[in-house]
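For reference, the structure is listed below as structure tokens.
The values are calculated or read from the model by the stated rules, or taken from the named source; none is laboratory data. Since we're looking at a predicted model, the values are computed, not measured. Please note: Cβ atoms are built from the backbone with ideal geometry, for glycine as well, and neighbour counts cover all protein chains shown.
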Amino acid sequence: MGRVAVAFAAVAVVAACSVAAMMVGRRLKSRKKWRTVVEILKELEDDCDTPVGRLRQVVDAMAVEMHAGLASEGGSKLKMLLTFVDDLPTGREKGTYYALHLGGTYFRILRVHLGAQRSYLDVQDVERHPIPSHLMNSTSEVLFNFLAFSLERFIEKEENGSDSQSVTRELAFTFSFPVKHTSISSGVLIKWTKGFEISEMVGKDIAECLQGALNRRGLNMHVAALVNDTVGALSLGYYHDPDTVVAVVFGTGSNACYLERTDAIIKCQGLLTTSGSMVVNMEWGNFWSSHLPRTSYDIDLDAESSNSNDMGFEKMISGMYLGDIVRRVILRMSQESDVFGPTSSVLSEPYVLSTNSVSAMHEDDTPELQEVARILKDLGGSDVPLKVRKLVVKICDVVTRRAGRLAAAGIAGILKKIGRDGSGGITSGRSRSEIQMQKRTVVAVEGGLYMNYTMFREYMEEALVEILGEEVSQYVVVKAMEDGSSIGSALLVASLQS
Ligand code: BGC
């Protein structure tokens, strides 16, 4: 071989080596990036871990806090609000009633007709509309004028021009925010949650605001009850099954109410009701315990929310927030690695990933996870390989599993407080034989997260059995109450008339 040829061969070898080295380097780098996202996922899994032992600590903390909230005003982060609902609908109610429900994302209007027997419950029409976002930070006048206008249109359509103006229509107002009641039909707003921010309304009587707007429109309608959505769900549950003593909402927000003995409501000594009990609105969204598994994503979400240091439990378990927790994890992964391609500015927008999308990705059963790919693209991402899509599904799973399991612990906490968890409850002084006689207990559940997100529902129900044990679980029935919050409130108004 000539000298030139040798030099040529040497150059070729060096070039080949450096290409190979570059490729190995790239592969190593990409492996390192992949290792980064796997580490982030692992950290998330560890921080969200909810073994049954930890759930039981949450159960105990919930029961203790309930007790403290009943003992004194401000005694706990749980407000344990009186609702002045002491008798629940029995099935004998009759007449025609309206309900207006202002929830977190939707408002609903419906009319029910009752024929004095359970089987004669006729929900004649239900209108469901998204709440226009500008209303959430408008003024009380704008909000209530809008609600009154919507009611008027509904009535016109329903009554089809017939002249029923002379009859006063009885209306139930389901208002899904914390209210301090002075009677069943009056109460002032304590604070806003779920992104609503009309500060001048705090401290105002909500029923009065609506009644004023109805009067201004000349509508012959009487706001006969102001009802939390959980209380509406409890009413419908009880109407169908008198073993219903607890109701929980898992929707945009989350909350629970239950039937409490009046003598256990120590902060209102001397409270007398004919039934000897009253429905207590717990406002459990504000529950907090050091046993709750909190991640850095929860801390950041809270700090950047319009109600920071508030509603900590709600922010871990409800529909408004699950999507944003998942978004924060994906954002961090995309910033610390290139597995999602260049970080898109869309992904940095708070709440851009809805919990509906999380549920769609989590439950994507196409072999290539096409739904995941589509949603990631909508978030400004590039076309990512299957293993990255699987990673996203796993993030959804971790966040939703934690939510479902914590939700179950919350329910078990209430069962513990009222002695229906098989242990006899705290400070209840029940005898052993009473403890052993487990009563059938129905928990009414309502809300879009529970109704539409199968994996959330399954994780919740599975954890409830895990916490309570197989034997006690047989006595605890979880029943879905579609539109229960609105229908139940109308039933409550009907029960007030009979
Ligand atoms: C509110 C509760 C309501 C729950 C579910 C929470 O944000 O504070 O009053 O029951 O959402 O809608």
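Scanning the range 107-130 for residues that are among the aromatic types (Phe, Trp, Tyr) and either surrounded by fewer than 17 Cβ atoms within 10 Å (Cβ to Cβ) or in contact with a Cys (Cβ under 8 Å, 6 or more places away or on another chain) (or both) gives a single hit, TYR120. Of note, GLY212 does not satisfy the criterion of being part of a helix (DSSP H, G or I) and either touching a Ser or Thr at 6+ places or on another chain (Cβ under 7 Å) or of a type in the set (Asp, Glu) (or both). Residues satisfying the criterion are absent from the range 242-253 (criterion: in contact with a His (Cβ under 6 Å, 6 or more places away or on another chain) and within 12 Å of the ligand (Cβ to nearest atom)).
For the range 156-198, a residue qualifies if it is outside any loop (DSSP other than H, G, I, E, B) and farther than 19 Å from CYS209 by Cβ, and the qualifying residues are GLU156, LYS157, GLU158, GLU159. Restricting attention to the range 199-207, does a residue exist that is within 16 Å of the ligand (Cβ to nearest atom), touching an Asp or Glu at 6+ places or on another chain (Cβ under 8 Å), modelled with pLDDT of 95 or more and outside any strand (DSSP E or B)? Scanning the range 199-207 turns up no residue that is within 16 Å of the ligand (Cβ to nearest atom), touching an Asp or Glu at 6+ places or on another chain (Cβ under 8 Å), modelled with pLDDT of 95 or more and outside any strand (DSSP E or B).
Got at least one residue in the range 29-37 being modelled with pLDDT under 55 and assigned to a helix (DSSP H, G or I)? Checked the range 29-37: no residue is modelled with pLDDT under 55 and assigned to a helix (DSSP H, G or I). Restricted to helices (runs of 4 or more DSSP H) entirely inside the range 269-383, those with at least 3 residues that are more than 16 Å from the ligand (Cβ to nearest atom) and out of contact with any strand residue (DSSP E or B) (no Cβ under 6 Å at 6 or more places or on another chain) are 296-304, 319-336, 355-362, 370-378.
When ASN145, ASN137 are screened for being of a type in the set (S, T, N, Q) and closer than 22 Å to SER318 by Cα, only ASN137 passes. On the given criteria, is GLY195 of a type in the set (Gly, Ala, Ser) and modelled with pLDDT under 95? Taking the combined requirement at face value, the residue satisfies it. Note on the range 178-198: residues that are away from the ligand (no atom under 16 Å from the Cβ) and in contact with a helix residue (DSSP H, G or I) (Cβ under 6 Å, 6 or more places away or on another chain) total 2. The numbered conditions (1) within 16 Å of the ligand (Cβ to nearest atom); (2) closer than 15 Å to ARG111 by Cα; (3) surrounded by fewer than 21 Cβ atoms within 10 Å (Cβ to Cβ); (4) of a type in the set (Phe, Trp, Tyr) are all true for PHE173 except (3).
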